Amino acid sequence: MRISELFYSLQGEGKRTGVPSFFIRTNFCNLKCMFKSGNLCDTPYTSWNPDDENNLGELSVEKIIEEYLKSGAVDAVITGGEPAVQKEELEILCSGLKKLGAYVTIETNGTLISGFINHTDLISISPKLSTSVPYGTEYEKAHSQNRINPDVLISYEENHRKGLFDIQWKFVVCGEEDIAEIKELQKEIGFTDSSVYLMPEGINRDEIRMNGIAVAELCRKYGYNYTGRLHIELWGGKRGV
Ligand code: SF4
């Protein structure tokens, strides 16, 4: 698999915040987020400028599982980039981890779905709102066309309702204008308020704290959950934590 980094840390976002977790960060993404603030994606080394073979490069599923076992963690978080881009390998990895008793979380932008969903515990979907469009760049058109795939999102929600996995819908929020878009999507896909987490946009402590207050107020007003970014609060915007 094309891997950007493997590390042991605490889950920083969503309902499992604070749980010790082994992170498997896959390389490459099919989107290119650039937020209203001008910030790029928080892991540009997996999307805008993917790590090359001088970093981890290609790793076998066996090697990844070996590193997971060494960490001693129960939780395995497969994140990116976009993990679902590598669909065959992802299914083999999830199935291997589940056989070892891991609690498997997949963090995805929700544009792709495949057989890996049969071997996961939690799918954390982060659909990209219009405030993520990289206006004025070569990626503007492709990102705008591909960022929301309603059929895929509906399939995630339906499989969750069948009991296949737990689900959370996590939105990077830049301001109150994002709420109408979230509500529109909610109407179309049918996910519940209690499965929604709003997260302040920001890639360092100051930005998260500054934007966090406004997002917390939006959570109180609209009845959604708040999630911060614990790893940034604790360690700043560093890699590998
Ligand atoms: S979908 Fe995620 S990994 Fe891909 S560019 Fe956007 S924030 Fe980065």
## Note on the structure
Within region 62-90, the residues that are away from the ligand (no atom under 16 Å from the Cβ) and crowded, with 17+ Cβ neighbours inside 10 Å are I64, I65, Y68, S71, A73, D75, A76, E89
### Query
Within region 128-146, can you find the residues that are farther than 23 Å from E89 by Cα and within 19 Å of the chain's Cα centre (by Cα)?
K128, L129, S130, T131, S132, V133, P134, H143, S144
### Message
Looking at region 173-189, can you tell me whether even one residue there is away from the ligand (no atom under 15 Å from the Cβ), touching an Asp or Glu at 6+ places or on another chain (Cβ under 7 Å) and not basic (K, R)?
### Response
yes
### Query
Can you tell me which residues in region 1-19 are more than 17 Å from K170 (Cβ to Cβ) and either under 15 Å from the mean Cα position of the chain (by Cα) or outside any loop (DSSP other than H, G, I, E, B) (or both)?
R2, I3, S4, E5, L6, F7, Y8, S9
### Query
So which of L129, L112 is out of contact with any strand residue (DSSP E or B) (no Cβ under 7 Å at 6 or more places or on another chain) and more than 15 Å from V77 (Cα to Cα)?
L112
### Positions within region 194-241 being of a type in the set (S, T, Y), in contact (Cβ under 8 Å) with a residue 40 or more places away in the chain and assigned to a helix (DSSP H, G or I), in sequence order
Y222
### Query
Hey, L93 hits all of (1) surrounded by fewer than 19 Cβ atoms within 10 Å (Cβ to Cβ); (2) more than 16 Å from the ligand (Cβ to nearest atom); (3) touching a residue at least 60 places away in the same chain (Cβ under 8 Å) but one; which does it fall short on?
(1)
### Message
Tell me yes or no: at least one residue of region 151-163 is of a type in the set (A, V, I, L, M), within 16 Å of the ligand (Cβ to nearest atom) and either closer than 29 Å to I3 by Cβ or surrounded by fewer than 16 Cβ atoms within 10 Å (Cβ to Cβ) (or both).
### Response
yes
### Message
Any residue at all in region 211-232 that's under 27 Å from S95 (Cα atoms), of a type in the set (A, V, I, L, M, F, W, C) and at pLDDT 95 or above?
### Response
no
### Query
If you take the residues in region 35-52 that are near the ligand (Cβ under 9 Å from one of its atoms) and in contact with a strand residue (DSSP E or B) (Cβ under 6 Å, 6 or more places away or on another chain), which one is nearest to M1 (Cα to Cα)?
T46
#### Entry: The listed residue being within 13 Å of Q86 (Cβ to Cβ) and either at pLDDT below 95 or assigned to a loop (DSSP other than H, G, I, E, B) (or both), out of N55, N30, N49
N30
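The values are calculated or read from the model by the stated rules, or taken from the named source; none is laboratory data. All figures in this text were calculated on a predicted structure; none of them were measured in a lab. Counting neighbours? That spans all protein chains shown, and the Cβs are built from the backbone with ideal geometry, glycine included.
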